[in-house]
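One structure is given here, and the rest of the page talks about it.
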Amino acid sequence: MNTKKKFIIISFVTLLIIAAFMLNQSEHESEFKSVLILEEPIQLPDFSLIDHEKKPVSKDTFKGQWDLIFFGFTNCPDICPTTIHTLNLIKQKIKKSDFEKTLRIALVSVDPERDTPLVLSQYINYFGDQNIAITGDIEEMTKLTKALGIFFEKVFDDYDNYTVNHSAAVLLINPAAEFSALFSAPHILEDFIDDLKKIMDDYL
């Protein structure tokens, strides 16, 4: 199957997923402004990756705190650094508001070939502390992206250089290591924060 057909199929599936989210979202229209809530949270799959400090990462890594996951890569020129910067602002504002819940930002690289732990360490630390950046074997990475409906694909130019097309949404993972909500771009800071606090407050 060629790249164009793959893209069309993935786009169609993505639209179906968003439509399902929107159907459920209609029940929350008056309550939430910027987030799509999953009616049934999706448990993270079994996978084995490493973080920017070369520590093992599995679904257990995501238990016990809230995580905002973004799938991107360090050579991304605009969307990735802008999104991670925004997420760090959200994290800092929540922290300053004396909100009791623990929140972490997790960057999962869709370019593990270039995004080594050293590269990721230099990158993620620029955006604040106590965050995590993840890389590793592409097959293990695919286990995670497929389970969460995340698309990514290498795209080469005429000079054999490449970039990576990827989903730009931010996923919220609850303390039980479940994908529970999706924030689509563009991210309006105050709406994002208000919705995030409501979700975390309502969590059992």
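Structural remarks
- About the centre of its Cα atoms, the stretch 96-140 shows a dipole size close to 300 debye [charges on the beta carbon of Lys, Arg (+1) and Asp, Glu (-1) only; nearest 20 debye].
- If only the Cβ of Lys and Arg carry +1 and only the Cβ of Asp and Glu carry -1, the dipole of the stretch 51-100 around its Cα centre is close to 80 debye.
- Selection from Ser97, Ser109, Thr82 lying farthest towards where the dipole of the stretch 59-123 points positive, charges on Cβ: Ser97
- Note, ³J(HN,Hα) from phi for the stretch 153-159, Karplus 6.51, -1.76, 1.60, rounded to Hz, x at Gly and Pro: 7, 5, 10, 9, 9, 5, 9
- Counted over the stretch 63-155 with a bin width of 10 Å, the fraction of Cα pairs per bin, in whole percents, is 15, 48, 30, 7, 0.
- For Phe151, the amide hydrogen comes within under 5 Å of the amide hydrogens of Ser167, counting only partners 5 or more places away or on other chains and with H modelled in the peptide plane.
FYI, it's all coordinate maths here, none of it is from the lab. Given the structure is predicted, the values throughout are model-derived calculations rather than measurements. All Cβ positions, even for glycine, are placed from backbone atoms using ideal geometry, and neighbour counts span all protein chains on display.
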